[in-house]
Amino acid sequence: MTTHETVLTPTFTQLTLAEDATDAVRRDLAECWTAVINAGGAVVPMGCPLPPVSPAHLAPSVDALVEGLAPQRRRLLMASVGDALAGWVLLRRDPHALEAHYGTVNHLQTHVRFRGLGVGAALMRRLPEIAREEMGLERLRLAVRAGLGLEDFYRGVGWAEVGRWPGALRVAPGDDRDEILMSLAL
């Protein structure tokens with residue numbers, strides 16, 4: 001099996017409105033995000049301390065993310081295995097007319113219990129369908145931190161590197177990483 005194949009088939013759920021996110025969903029999102037950050041994931045939100053973190057640290061970020069949901073502007077796609085949240089990703093559209101045809105992908109996360117089983121790849125294969133068919137988007141973009149192999153993962157699910165911001169991300173003193181810009185035509 002390659003790293004971009006799916007071993008299991010998750011069930012997908014979309015959230016398009018804040019009221020769709022129950023307290024249990026918000027708790028699951030915060031727990032997943034916590035596990036990802038504490039395992040060395042690159043998705044540490046503004047205002048959150050550096051690891052280790054707890055779900056309480058992530059609750060305000062989850063609430064802000066959920067409160068911004070809107071069917072044509074911001075959607076959250078979740079993947080579940082059984083009753084467990086296995087991963088999630090955010091898709092958003094810039095409301096400015098010059099960029100409204102583009103979507104931006106943020107926060108792709110696979111819970112550490114489900115890593116290596118293709119959950120992230122399954123989310124990234126489902127997301128373009130939603131972007132194109134339900135939101136009318138023509139292209140997607142994302143940015144990743146160099147040094148973690150993330151660009152290889154995204155290339156494996158069809159994305160292309162289109163540029164870099166050299167040394168844009170300071171992980172620690174003396175450890176500056178490129179921000180890699182990637183794109184996917186729909």
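The values are calculated or read from the model by the stated rules, or taken from the named source; none is laboratory data. Note that this is a predicted model, so its numbers are computed, not measured. Don't worry about glycine lacking a Cβ; one is built from the backbone with ideal geometry, like all the others, and counts go over all protein chains shown.
Here are the numbers for the structure shown:
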read-out: The listed residue being within 27 Å of ARG145 (Cα to Cα), acidic (Asp, Glu) and surrounded by fewer than 16 Cβ atoms within 10 Å (Cβ to Cβ), out of GLU19, GLU67, GLU31; value: GLU67
read-out: Per-region count, region 107-148, residues touching a strand residue (DSSP E or B) at 6+ places or on another chain (Cβ under 6 Å), closer than 17 Å to VAL81 by Cα and not in a helix (DSSP H, G or I); value: 4
read-out: Pair list, Cβ under 6 Å, 6 or more apart: region 35-49 residue part of a loop (DSSP other than H, G, I, E, B), other residue surrounded by 13 or more Cβ atoms within 10 Å (Cβ to Cβ) and among the small types (Gly, Ala, Ser); value: PRO45/SER61
read-out: One residue from ALA122, ALA143, ALA131, ALA160 being modelled with pLDDT of 95 or more, in contact with a Pro (Cβ under 6 Å, 6 or more places away or on another chain) and among the small types (Gly, Ala, Ser); value: ALA122
read-out: One residue from GLU151, GLU179 being surrounded by 14 or more Cβ atoms within 10 Å (Cβ to Cβ), among the acidic types (Asp, Glu), assigned to a strand (DSSP E or B) and touching a strand residue (DSSP E or B) at 6+ places or on another chain (Cβ under 6 Å); value: GLU179
